[in-house]
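Okay, structure first, notes after.
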Amino acid sequence: MSAHVLSSRDEGDRKWSWNGRKTKFFSREYFCAFCCLVYVYGIYYGAMSTKPTAESVLQDIAQIQRMDRGTVSVIRHGPQGAYYNHQCYENGRNVSRYVPGEQVDNLKEAIEGYRRFQQLVEQYVELMVEKTRAERQAGSKKKTPPPNSSWPKTRRSSS
């Protein structure tokens, strides 16, 4: 291996050197493998990032099996473990319920389901608003000027 040394007279005494170990990453085999990996990643993950349709959002909503509102928090720790509290609003009032430890995971899953439901509904609304506006835009025509009248124009005096 030869050491490459670059020097610049404009920079004074500063010198750059590239002496050291060469990595195999930049060899032809590794570079081709890297390019293939980037290509495959682009195909699969690029296809996944396509814009969802209103129908696909509705299908995602239908897949949600459990929903509940509110939050789960630890009230205190006891000898058998933590005691949990579920808080939510019902009829405009804050309601608090004790939740046994073995039900906490199911409740957290239901709360996550509700959060996901809200996200999907918002996404559905955005898609439908876009669709409605596009249809309205396509249906509206440019205003055409009124046809020229055969009546002669009269000038108004500027006095």
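The values are calculated or read from the model by the stated rules, or taken from the named source; none is laboratory data. Note that the coordinates shown come from a computational prediction; the quantities given were computed from them, not determined experimentally. Cβ placement follows ideal geometry from the backbone for every residue including glycine, while neighbour counts extend to all protein chains displayed.
Residues that are in contact with a Cys (Cβ under 8 Å, 6 or more places away or on another chain) and loosely packed, with under 10 Cβ neighbours inside 10 Å within the stretch 88-97 comprise just one, Asn94.
Condition first: assigned to a strand (DSSP E or B) and either loosely packed, with under 12 Cβ neighbours inside 10 Å or not assigned by TED's automatic domain parsing to the domain that holds Arg76 (or both). Now tell me which residues in the stretch 98-135 satisfy that. The one that is assigned to a strand (DSSP E or B) and either loosely packed, with under 12 Cβ neighbours inside 10 Å or not assigned by TED's automatic domain parsing to the domain that holds Arg76 (or both): Tyr98.
Of all residue pairs spaced 6 or more apart or on separate chains, those with beta-carbon atoms under 8 Å, a first member in the stretch 65-83 that is loosely packed, with under 12 Cβ neighbours inside 10 Å and a second member that is β-branched (Val, Ile, Thr) are Thr71/Ile111. Pairs, please: C-beta under 8 Å, at least 6 apart or cross-chain, first residue over 9 Å from Ala54 (Cα atoms) and in the stretch 118-130, second assigned to a helix (DSSP H, G or I)? Taking only residues 6 or more apart or on different chains, the pairs are Leu120/Val57; Leu120/Asp60; Leu120/Ile61; Val121/Ile61. Selection of the stretch 33-78 for residues being at pLDDT below 90 and polar (S, T, N, Q) yields Ser49, Thr50.
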